[in-house]
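Below: one structure, written as structure tokens.
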Amino acid sequence: MPHDIDQSQAPVLEALAEHRRLHRLGFTPPGHKQARGADPAVRAVLGDSVFQGDVLASGGLDDRRTRGRVLERAEELMADAVHAEHTFFSTCGSSLSVKAAMLAVAGPHEELLIGRDAHKSVVSGLILSGIRPVWVEPRWDAERHLAHPPGAEDFERAFRAHPDAKGALVTSPTPYGSCADLRGIAEVCHRRSRPLIVDEAWGAHLPFHSRLPSWAMDAGADICVTSIHKMGSGLEQGSVFHLRGELIDPAVLSSRADLLGTTSPSVPIYAGLDGWRRQMALHGAELMGHALDLAGDVRTAIEKIEGLHVNDREDFCGPGLADDFDPLPVVIDVTGLGTTGYAVADRLRAHHSIDAHLADHRRISTQVTHGDDRDTADALLEALEAVARSGAELRSAPRVDVPAPAELRLEQVRLPRDAYFGPFEDVPLGRAAGRVAAEMLTPYPPGIPAVLPGERLDAPVLRYLRTGIEAGMHVPDAADPDLGTVRVTRMKDENSLVSGGS
């Protein structure tokens, strides 16, 4: 990677500007022909600029043989900006990127160590690939009912029990902002010449300020997957994955991504990735410094609102908990109001036109980014103060029956792929305990499955999901989102189960 790269360049944006300057006339997809054929009502809502940027990546943005190296140059600039050796853009979100990373490390029936707090996209990768998961237990805060990433010693134990595992995957930061000891986990992996994948979907901002936790590439990870749309300035579905070291062939990683990705990538999403990289490379320290200062002020102000508590480093970090902490996901514990995060999030949206990112049985997350300012912060604080004053109405919200940590962990008795694709039946929730799940059951957001295909269901977890749905939990991947029934493997097939995990 050259060291004299000019980070003021933006190859995708510059090529789009040139495309418009030349008034190129395309007899190619997309069929809207630069907005001319789009429905007038759609044009009125979206604006013509959306369509004018929607051109073919090759044969539009670049020539048909991509001789301008537009995308390649943009990826090189991104890699340089974040200290990676190779970077790949994805317009299919980190859900695709993490699957490509998994497939570059392990194949069907090979083992991969995975933190059990992984996103549903990781489980989807297991189902598609046939990789055998070795689950590494997260660090569970029993007081706050919250999972933090596993530690280096947890992966060390897993490798000792499964020495043939092809590598490891950890999620850091979590959607709640808690971070793993990535350097320690990388050292555990590299001592065995095994690669470490970090699902850093929530960490796009981490490379750009010294007051933020270390990001995966600087901590020694081999592959890092990042959602630019989450904490960065990219459009939804904008994701990148980075590679360093010699343990994974970049051509193999690129091939795996090509296997899964679209042949019609979105140029506007590419442009968002390219522009965000330039913005951060040139102004990231200043922008992130302002965001951190603003988040600190917001945290201090929320802590003064009766009934609300902002989870901070003292809550999340320490022995047996997280290794580090990102302060920008402002996670607010609402138990002091005698209600649930679901009820508070719903009230913020219905009465104050404010959307919280994440809600669970006792918290909401109101993430602050470099896109926020004093006006947005004040609007949030005013809404939270008003919600806190409406305590009587909130206290009528249904309660969620959250199991003890030991009861949350289900036994993996069949490979996720086998259980998902095998014969199934739908049974009433009340008769599902003891059966083997044939589907994912995922409270969303944040999208961490409570139940995986191949896990044996038990009453505490089913009761948690049922009471959660009654309280406002959303489980979109269930065959029956109301959970009147649960999809399980057929009874006769449960008599010959094959172990699928640790």
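List every residue pair whose Cβ atoms sit under 8 Å apart, with the two residues 6 or more apart in sequence or on different chains, where the first one lies in the range 339-357 and is in contact (Cβ under 8 Å) with a residue 40 or more places away in the chain and the second, anywhere, is part of a helix (DSSP H, G or I) and open to solvent by 100 Å² or more (accessible area, probe 1.4 Å).
Between residues of the range 339-357 that are in contact (Cβ under 8 Å) with a residue 40 or more places away in the chain and residues that are part of a helix (DSSP H, G or I) and open to solvent by 100 Å² or more (accessible area, probe 1.4 Å), the close pairs are 347/393.
Restricting the search to the range 1-53, which residues are in contact with a helix residue (DSSP H, G or I) (Cβ under 6 Å, 6 or more places away or on another chain) and farther than 30 Å from residue 83 by Cβ?
Result: 32, 34, 35, 38.
Would you please list the contacts, defined by Cβ atoms under 9 Å and residues six or more apart or on different chains, that run from a residue in the range 67-94 that is under 18 Å from residue 264 (Cα atoms) to a residue that is among the aliphatic types (A, V, I, L, M) and open to solvent by 70 Å² or more (accessible area, probe 1.4 Å)?
As it stands, the answer is 91/235, since those pairs meet every condition given.
Run residue 104 past the list (1) in contact with a Pro (Cβ under 6 Å, 6 or more places away or on another chain); (2) under 22 Å from residue 228 (Cα atoms) and report the number of the one that doesn't hold.
Checking residue 104 against (1) in contact with a Pro (Cβ under 6 Å, 6 or more places away or on another chain); (2) under 22 Å from residue 228 (Cα atoms), the one that fails is (1).
Could you grab me the full set of residues in the range 231-254 that are outside any loop (DSSP other than H, G, I, E, B) and either in contact with a helix residue (DSSP H, G or I) (Cβ under 8 Å, 6 or more places away or on another chain) or free of Cβ contacts under 8 Å to residues at least 24 places away in the same chain (or both)?
239, 240, 241, 242, 243, 251, 252, 253
Going through the range 364-396 one residue at a time, which ones are without any contact (Cβ under 8 Å) to a residue 40 or more places away in the chain, in a helix (DSSP H, G or I) and either among the basic types (Lys, Arg) or open to solvent by less than 20 Å² (accessible area, probe 1.4 Å) (or both)?
Residues satisfying the conditions are 383, 389.
Mind checking which residues of the range 447-486 are without any contact (Cβ under 8 Å) to a residue 60 or more places away in the chain and of a type in the set (A, V, I, L, M)?
Answer for the range 447-486, where residues must be without any contact (Cβ under 8 Å) to a residue 60 or more places away in the chain and of a type in the set (A, V, I, L, M): 450, 451, 457, 459, 461, 462, 465, 469, 475, 478, 479, 483.
Take the range 333-360 and flag every residue that is within 25 Å of residue 201 (Cα to Cα) and either of a type in the set (Ser, Thr, Tyr) or surrounded by 22 or more Cβ atoms within 10 Å (Cβ to Cβ) (or both).
341, 342, 345, 356, 359, 360 - these are the residues of the range 333-360 that are within 25 Å of residue 201 (Cα to Cα) and either of a type in the set (Ser, Thr, Tyr) or surrounded by 22 or more Cβ atoms within 10 Å (Cβ to Cβ) (or both).
Condition first: within 13 Å of residue 95 (Cα to Cα) and among the small types (Gly, Ala, Ser). Now tell me which residues in the range 118-136 satisfy that.
118, 121, 124, 125
May I ask you to verify whether residue 23 is in a loop (DSSP other than H, G, I, E, B) and at pLDDT 95 or above?
No, not satisfied.
Every residue, every condition in (1) open to solvent by 10 Å² or more (accessible area, probe 1.4 Å); (2) without any contact (Cβ under 8 Å) to a residue 12 or more places away in the chain; (3) hydroxyl-bearing (Ser, Thr, Tyr), yes or no:
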position: 134; (1), (2), (3): no, no, no
position: 143; (1), (2), (3): yes, yes, no
position: 165; (1), (2), (3): no, no, no
position: 169; (1), (2), (3): no, no, no
position: 184; (1), (2), (3): yes, no, no
position: 191; (1), (2), (3): yes, yes, no
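Quick one: in the range 1-38, which of the residues that are among the β-branched types (Val, Ile, Thr) and closer than 22 Å to residue 74 by Cα is surrounded by the fewest Cβ atoms within 10 Å (Cβ to Cβ)?
Among those that are among the β-branched types (Val, Ile, Thr) and closer than 22 Å to residue 74 by Cα, it is 5.
Please verify whether residue 435 is without any contact (Cβ under 8 Å) to a residue 12 or more places away in the chain and closer than 18 Å to residue 491 by Cα, treating the condition exactly as stated.
So residue 435 fails the test.
Just to check your reading of the model, which residue among 282, 292, 259, 287 is assigned to a helix (DSSP H, G or I), on the phi < 0 side of the Ramachandran plot and open to solvent by less than 20 Å² (accessible area, probe 1.4 Å)?
Sole residue among the options that is assigned to a helix (DSSP H, G or I), on the phi < 0 side of the Ramachandran plot and open to solvent by less than 20 Å² (accessible area, probe 1.4 Å): 292.
Looking at (1) more than 16 Å from residue 298 (Cβ to Cβ); (2) in a helix (DSSP H, G or I), find the lone condition where residue 361 falls short.
It fails just one condition, (2).
Within the range 112-130, does at least one residue satisfy the condition of being without any contact (Cβ under 8 Å) to a residue 40 or more places away in the chain and either farther than 30 Å from residue 321 by Cβ or surrounded by 21 or more Cβ atoms within 10 Å (Cβ to Cβ) (or both)?
Yes; the residues of the range 112-130 include at least one that is without any contact (Cβ under 8 Å) to a residue 40 or more places away in the chain and either farther than 30 Å from residue 321 by Cβ or surrounded by 21 or more Cβ atoms within 10 Å (Cβ to Cβ) (or both).
Of all residues in the range 202-214, count the ones that are open to solvent by 10 Å² or more (accessible area, probe 1.4 Å) and within 21 Å of residue 154 (Cβ to Cβ).
2
Among the strands (runs of 3 or more DSSP E) lying completely within the range 37-138, list those that include at least 2 residues that are among the aliphatic types (A, V, I, L, M).
Of the strands (runs of 3 or more DSSP E) lying wholly inside the range 37-138, those with at least 2 residues that are among the aliphatic types (A, V, I, L, M) span 111-115, 132-136.
Determine whether the range 263-274 contains at least one residue that is among the hydroxyl-bearing types (Ser, Thr, Tyr) and assigned to a helix (DSSP H, G or I).
So far as the range 263-274 goes, yes, one or more of its residues are among the hydroxyl-bearing types (Ser, Thr, Tyr) and assigned to a helix (DSSP H, G or I).
When the range 457-483 is examined, which residues are found to be in contact with a strand residue (DSSP E or B) (Cβ under 6 Å, 6 or more places away or on another chain) and surrounded by fewer than 19 Cβ atoms within 10 Å (Cβ to Cβ)?
479
Confirm whether residue 327 is open to solvent by 60 Å² or more (accessible area, probe 1.4 Å) and out of contact with any strand residue (DSSP E or B) (no Cβ under 7 Å at 6 or more places or on another chain).
No, not satisfied.
Kindly evaluate residue 307 against the criterion of being in contact with a strand residue (DSSP E or B) (Cβ under 8 Å, 6 or more places away or on another chain), assigned to a loop (DSSP other than H, G, I, E, B) and touching a residue at least 40 places away in the same chain (Cβ under 8 Å).
No.
Would you say residue 399 is closer than 25 Å to residue 139 by Cα, in contact (Cβ under 8 Å) with a residue 60 or more places away in the chain, in a helix (DSSP H, G or I) and open to solvent by 70 Å² or more (accessible area, probe 1.4 Å)?
Spelling it out, it is not the case that residue 399 is closer than 25 Å to residue 139 by Cα, in contact (Cβ under 8 Å) with a residue 60 or more places away in the chain, in a helix (DSSP H, G or I) and open to solvent by 70 Å² or more (accessible area, probe 1.4 Å).
The values are calculated or read from the model by the stated rules, or taken from the named source; none is laboratory data. Computed from a predicted model, the values in this text were never measured in an experiment. For neighbour counting, all protein chains shown are included, and Cβ atoms are generated from backbone atoms with ideal geometry for every residue, glycine included. When the accessible area is computed, the model is the full protein with side chains, heavy atoms only, and any ligands, DNA or RNA have been set aside. Shrake-Rupley method; radii C 1.70, N 1.55, O 1.52, S 1.80 Å.
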